[in-house]
1. If r is the Cβ-Cβ distance from Val254 to Asp28 and R0 is 41 Å, what FRET efficiency results, to the nearest 0.05?
2. Given N residues in segment 56-213, what is its alpha carbon radius of gyration divided by 2.2 N^0.38 Å?
3. Calculate the tail of P(r) for segment 1-75: the fraction of all Cα-Cα distances greater than 15 Å, expressed in %.
4. Compute the distance from the alpha-carbon center of segment 11-32 to that of segment 67-110, in whole Å.
5. Tell me, what is the per residue accessible area of segment 96-185 in Å², probe radius 1.4 Å?
6. When the accessible area of segment 56-132 is split by element with a 1.4 Å probe, what percent falls to carbon and sulfur?
7. For the cross-link pairs Lys10/Lys42; Lys9/Lys42; Lys153/Lys311; Lys10/Lys158; Lys142/Lys223; Lys10/Lys40, which exceed 19 Å when the distance is taken from alpha carbon to alpha carbon?
8. Could you sort Tyr203, Tyr4, Tyr124 by accessible area so the largest value comes first, with the probe set to 1.4 Å?
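The values are calculated or read from the model by the stated rules, or taken from the named source; none is laboratory data. Small disclaimer: the values here were computed from a predicted structure and weren't measured. Counting neighbours? That spans all protein chains shown, and the Cβs are built from the backbone with ideal geometry, glycine included. These area figures cover heavy atoms from the full protein model, side chains too; ligands, DNA and RNA do not enter into them. Shrake-Rupley method; radii C 1.70, N 1.55, O 1.52, S 1.80 Å.
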Amino acid sequence: MHYYLVPRKKPNLLSLIIPCYNEEEVLDHLKERLREVVPKLKVNTEILLVNDGSNDRTILGLMDWAKEDKNVRVISLARNFGHQIAVTAGMDHALGDAVVIMDADLQDPPEVILEMLTRYEEGYDVVYGQRLARSGESFFKKITAWAFYRLMKVLVHKDLPLDSGDFRLISRRCLDALNGLRENHRFLRGMNAWIGFPQIPVYYNRDPRVAGETKYPLQKMLKLAMNAAVSFSPLPLRFSLGLGILVALIGFCVGLYALYRAFQHFILQMPIVYNPGWATIVTLICLIGGSILISIGILGEYVARIFEESKGRPLYVIEFMEGGLSKGKQGIPSPSKQKKKV
């Protein structure tokens, strides 16, 4: 796709949004790495650390970091809301002209932000990291990740980039558009593709985790895939329709075969054994019953999401922010949007 790009200056303020869930072992490595990289960016930078209801000592490490560095802000959610919601909380409260979303485990090298900023200055609104290699991961993890991104491209959005996570730079105008999308079941990569704006990849090799264990095992990957597919696409519903048609055709063919055998036995008086066995009946019942249950299950997923959206609950609840107690502050639009509304 060709974009009309308007070059721009570096952002006056860059916000680094880093969700943290049980990252106690990682924080020292993250702090040291960012202290090396941030001065090289040559822009004013705030580091927005979102504690996603960690049950280890992560929040204590985050608060100590905030006391040491005036450019660090901490948002602590009241419980574990999940990675996508934690990132959303950071986006809502980011003050920068551009934001970078990255994980705390340093698998996505923060040095790549330098190239992202170069692309931002060229006029791109979304600069996403695209992985060329994944070090330190098993073959099973690599093959399931490969399949996940290609399946999501089919189910979610044709412009969804392959082999790209949430590691990306987003301009303020794009961020404001994203913050206007308040659905509960969130798949930020798909939302980025949906809103448009000029987008471009930067390529890098993904590093192993510096410490701790992955927060996206197979179970969570499958849940994310299901959430993305149902939230963004009617394809599962169409699949259930296709399955019903297929089962109906099988039943029709078996019925024709049964009529043919009966015709041979009773009309043509052919010396064949006509025995409408129980196996055929049981098979048809299982096929029809299974297809009905699958279709009801898929439909139920959509109904459940309608139910969740109809409640109108906030996306998250903040326990405290910037080291000071809040009064149950909830998921709200970003500060920049609030100012525009006043």
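1. 0.05
2. With N residues counted in segment 56-213, Rg over 2.2 N^0.38 Å equals 1.07.
3. Result for the distance tail: 59 percent.
4. The two parts, judged by their Cα centres, are 7 Å apart.
5. 37
6. C and S atoms contribute 47 percent here.
7. From Lys10/Lys42; Lys9/Lys42; Lys153/Lys311; Lys10/Lys158; Lys142/Lys223; Lys10/Lys40, over 19 Å: Lys153/Lys311; Lys10/Lys158.
8. Correct descending sequence by accessible area is Tyr4, Tyr203, Tyr124.
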